[in-house]
Amino acid sequence: MYKSKTKIRVRYAETDMMGYVYYGNYASYFEVARVESIRQLGFSYRKMEDEGIALPVLDFSIKYFKPAFYDDELTIETTVTELPKARIHFTYQTFNAEGLLLNEAKTTLVFFNKNTMKPCLAPADFTEAMKKYF
């Protein structure tokens, strides 16, 4: 299992009239966490795209427990629980500074060859880097 942590500070523009983080912003937070998770492995999402591999989101689900507020520092724990093949599954847990679990989410992304416009296997070097966690 591969796990990483990313910190995000809630900006005022990301809150709704109740002062809560607007629910749709969590998808962006998880994208930041996912990209940073890949970077912490030593890979660049941008470099993968430059080399012809895209990672479109196939599935996204979230369950909310407590709200986050303006200026909260959030920690998003991102986990990959199985070695990627043609798909990679991420799970996320968002915690506030007090360590309270605010939400849990999942995304599934597909490795997609931009030249053939078809799904493909994860790049071999990426899979090799992840193997040590499984």
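Derivation of every value follows stated rules applied to the coordinates shown; laboratory data play no part. Quantities reported herein were computed from a predicted structural model and do not represent experimental measurements.
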For this session: Could you let me know the centre-to-centre spacing of the range 111-129 and the range 82-108, using Cα atoms, in angstrom?
Result: 22 Å
Exercise. In the chain, how does Rg compare with the Kirkwood Rh, expressed as the Rg/Rh ratio over alpha carbon atoms?
Worked result: 1.00
